[in-house]
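Okay, structure first, notes after.
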Amino acid sequence: MIHKWFHKIVRRRTRPIPEDKAFVWKQRLSIAYGLIAWNCFGLVCYSVYKGKADWAHYYGLKTDEEKEVSPGLAWSRTLNIPNAKVIRVSGLKKVDEYEIVNGQQVMKEKKELGDPELLKE
């Protein structure tokens, strides 16, 4: 939404454009935007194919230690959350679950389906 004051400034400082000319330029800009967007998408796909998907690590902005840290632990450090419970989900299934205690990742023991302790719960 354009604010009224900005709209007034633009109206005062520009002259009206005929509709047919505006339509032609709108089409030209739409085609240019489509071509640029398609090329950017191709560049991203090519970068992923060549192994540059993690651009921060590729260009040296991220160390090897930072790359090995799980995303949940990295976000807990970024947001200064010392204790958290992380649940990884893929689709509608829970894939993994672990806790972060004092900024360190603590893995829980995985229980098997036939485990008697699991049947008691």
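The values are calculated or read from the model by the stated rules, or taken from the named source; none is laboratory data. Note that the coordinates shown come from a computational prediction; the quantities given were computed from them, not determined experimentally. Methodologically, a virtual Cβ is constructed for each residue, glycine included, from the backbone with ideal geometry; neighbour enumeration extends over all protein chains shown.
Close contacts from the stretch 1-25, counting a first residue that is in contact (Cβ under 8 Å) with a residue 40 or more places away in the chain and a second that is among the aromatic types (Phe, Trp, Tyr) and surrounded by fewer than 10 Cβ atoms within 10 Å (Cβ to Cβ), with Cβ to Cβ under 9 Å and a gap of 6+ residues or different chains, come to none at all. Ala84 - would you say it is among the aliphatic types (A, V, I, L, M) and in the same structural domain as Gly42 (by TED's automatic domain parsing)? In short, no.
Applying the condition of being of a type in the set (A, V, I, L, M) and not in a helix (DSSP H, G or I) to the stretch 1-56 and asking which residue is modelled with the lowest pLDDT yields Met1.
For the stretch 87-99, the set of residues classified as part of a strand (DSSP E or B) and at pLDDT 85 or above consists of Ile87, Arg88, Val89, Ser90, Lys93, Lys94, Val95, Glu97, Tyr98, Glu99, listed by residue number.
The C-beta contact set for the stretch 56-81 (first residue within 20 Å of Tyr98 (Cα to Cα), second residue among the acidic types (Asp, Glu), distance under 7 angstrom, 6+ apart or interchain) comprises Lys67/Asp54.
Conditions tested, residue by residue: (1) outside the structural domain of Gly103 (by TED's automatic domain parsing); (2) farther than 25 Å from Gln105 by Cβ; (3) within 17 Å of the chain's Cα centre (by Cα).
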residue: Lys4; (1), (2), (3): yes, yes, no
residue: Arg11; (1), (2), (3): yes, yes, no
residue: Arg28; (1), (2), (3): yes, yes, no
residue: Ala32; (1), (2), (3): yes, yes, no
residue: Ser47; (1), (2), (3): yes, yes, yes
residue: Lys52; (1), (2), (3): yes, yes, yes
residue: His57; (1), (2), (3): yes, no, yes
